[in-house]
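The values are calculated or read from the model by the stated rules, or taken from the named source; none is laboratory data. This one's a predicted model, so the numbers in the text were calculated from it and none came from an experiment. Every residue, glycine among them, receives a Cβ derived from its backbone with ideal geometry; neighbour counts consider all protein chains shown.
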Amino acid sequence: MLDLTPDICDRWPDDCILLPVNFNQYGGRKIFHGEVVTVKCFEDNSRVKELLAGPGDGKVLVVDGGGACRRALLGDLIGESAVKYRWAGVVIFGAIRDAGTLATLELGVQALGTVPFKTDRKGLGEINVPIDIGGVTVSPGMYLYADSNGILVSNCELDLSELS
């Protein structure tokens, strides 16, 4: 399957919400989906690193970085950790770095842009709280579906076997 989100919108138009922000693809996995885990942080990726260094079990980390692109909230080392711990993907309302390396990883990565500067880790950020991305509330336990067409969230897990 090359396109997931258009098929989801056709099959379940009332069960999905589009994140109305133009994200860019950076990961090696172009289509990804999974249960949502959230982080809210600003120019401090301490909580992102903490979560992606633990079991992901096919989940997707959604990070509200406030849309800031002055510091990268994800880079190659944290991305490699996410692959090791079986995360399906990471969506960052902010910036990433090491885009060349992230493109080689079996991990979905979408973000607003890139920047070469890392964050200062101060241990700040909130885990598993509702976050706002482009006016859409994304809560832990929702499901996210992403491809090059866009990013959708749903309050329930959609049975993708119905699309085949």
Does L105 satisfy being modelled with pLDDT under 95 and among the aliphatic types (A, V, I, L, M)?
no
Being free of Cβ contacts under 8 Å to residues at least 60 places away in the same chain and surrounded by 17 or more Cβ atoms within 10 Å (Cβ to Cβ) narrows it down to one of G34, G56, G27, so name that one.
G56
Would the stretch 89-96 turn up any residue that is surrounded by 14 or more Cβ atoms within 10 Å (Cβ to Cβ), of a type in the set (A, V, I, L, M), free of Cβ contacts under 8 Å to residues at least 60 places away in the same chain and closer than 25 Å to L2 by Cβ?
yes
What are the residues in the stretch 12-50 that are part of a loop (DSSP other than H, G, I, E, B) and β-branched (V, I, T), if any?
V21, I31
Matching residues, the stretch 119-148, being part of a strand (DSSP E or B) and loosely packed, with under 14 Cβ neighbours inside 10 Å:
E126, D132, T137
Can you name the number of the only condition in (1) touching a Cys at 6+ places or on another chain (Cβ under 7 Å); (2) within 20 Å of L4 (Cα to Cα); (3) assigned to a loop (DSSP other than H, G, I, E, B); (4) not β-branched (V, I, T) that L152 fails?
(3)
Search result, residues across the stretch 149-164 that are among the hydrophobic types (A, V, I, L, M, F, W, C), loosely packed, with under 14 Cβ neighbours inside 10 Å and at pLDDT 95 or above
C156
What number of residues within the stretch 83-113 are outside any loop (DSSP other than H, G, I, E, B) and under 20 Å from E43 (Cβ atoms)?
14
Selected residue [part of a loop (DSSP other than H, G, I, E, B), of a type in the set (A, V, I, L, M, F, W, C), surrounded by fewer than 24 Cβ atoms within 10 Å (Cβ to Cβ) and modelled with pLDDT of 95 or more] from C69, C9:
C69
